[in-house]
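The values are calculated or read from the model by the stated rules, or taken from the named source; none is laboratory data. As the structure is a prediction and not an experimental result, all values here were calculated from the model. Note that each Cβ is placed from the backbone with ideal geometry, even for glycine, and that neighbours are counted across all protein chains shown. What goes into the accessible areas is simple: the full protein's heavy atoms, side chains included, and nothing from ligands, DNA or RNA. Shrake-Rupley method; radii C 1.70, N 1.55, O 1.52, S 1.80 Å.
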Amino acid sequence: PVNGTSTSIAIDDYLKVIYSHTEWQAESITPSQLAVRLGLAPSSVTEMVKKLAAAGLVDHRPYSAIRLTEQGEERAVAMVRRHRLIETWLVRVFDYGWDEVHDEAEVLEHALSDRLLDAIDAQLGYPGRDPHGDVIPAADGTLRRPAAVRLDEAPHGFEGVIVRISDRDPDVLRVVDRLGLALDDAVTVEPADGVGAGVGVRRRGGSVVVLAPAVAGALWIAPHNATPARSR
């Protein structure tokens with residue numbers, strides 16, 4: 001259950017960032033990376049990580065990366081479920097733009113009861129992903145994520161569909177909108193002309209769009225009929 005104390009909210013936010021860092025790639029997060037993501041001083045992060053370790057929520061040794069324990073991951077997945085369901089609810093029911101929902105969900109995820117969250121889930125028809133393609137865990141914590149590769153790391157000629165667009169930077173989402181790209185679009189990775197020009201993608205209609213590196217690094221594509229990478 002979520003309670004509204006400032007300490008519990010801070011713990012949830014830490015766990016969620018630690019979880020999301022490794023959700024689509026294998027490298028665990030370091031304390032300095034965590035400080036940057038949270039916009040906090042490294043000393044503050046160090047103290048909180050010690051508390052999380054003492055509570056059995058993370059494994060961490062000095063000068064090493066931070067990993068969630070089983071207990072920490074369960075709590076993180078529960079918060080991720082809340083956040084992504086609320087984002088989906090705001091887009092579908094209240095016509096929020098997909099670039100507008102993150103900050104709103106950050107507030108609401110700590111306020112809604114489990115009963116209301118379950119009612120929202122049912123009202124939406126138990127969605128499997130949020131507006132950005134991130135997987136919404138089921139109520140029991142299980143999830144199935146497509147085996148995907150980041151667009152800027154995909155080889156030329158790679159064919160697949162867009163399965164995730166990171167919502168970390170709202171400006172990137174607005175650029176993706178302007179380019180006319182969306183989840184489930186079929187694309188082929190093409191060479192981009194010019195050094196540092198970014199990544200080219202050919203759409204099903206045949207036109208090629210060149211994406212700046214910051215945009216290409218925010219898109220994940222999966223081969224057609226990709227099997228889920230793992231389940232919990």
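The figures follow:
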read-out	value
Rounded to whole Hz, the Karplus (6.51, -1.76, 1.60) HN-Hα couplings of segment 33-42, x for glycine and proline	5, 5, 4, 5, 4, 8, x, 10, 5, x
Where trypsin sites (Lys or Arg not before Pro) fall in DSSP loop in segment 114-222, at most 14 other Cβ within 10 Å	R168, R204
Heavy atoms of W24 accessible to a 1.4 Å probe, total area in Å² rounded to 10	30 Å²
Cβ-placed point charges (K, R +1; D, E -1), dipole of the chain about Cα centre in debye, nearest 20	500 debye
G198 long-range amide H proximity, modeled H, under 5 Å	none
J(HN,Hα) series, segment 96-102, from Karplus relation 6.51 cos²θ - 1.76 cosθ + 1.60, nearest Hz, glycine and proline x	5, x, 5, 8, 10, 8, 4
Sequence-distant residues sharing a close amide H with R145 (under 5 Å, placed H)	A229, R230
Carbon/sulfur fraction of accessible area - segment 18-78, other protein chains in place, 1.4 Å, %	54 percent
Under 5 Å, built H, 5+ apart or other chain: amide partners of Y96	V91
Helical contribution to [θ] at 222 nm, DSSP H n ≥ 4, -39,500 (n - 2.57), averaged over the chain, rounded to 500	-12500 deg cm²/dmol
For segment 53-149: accessible area per residue (Å², 1.4 Å)	51 Å²
Where only C-alpha atoms are counted, convex hull volume of the chain per residue in Å³	138 Å³
Counted charge near G133, where neighbours are those whose Cβ lies closer than 12 Å (Asp, Glu -1; Lys, Arg +1)	-3
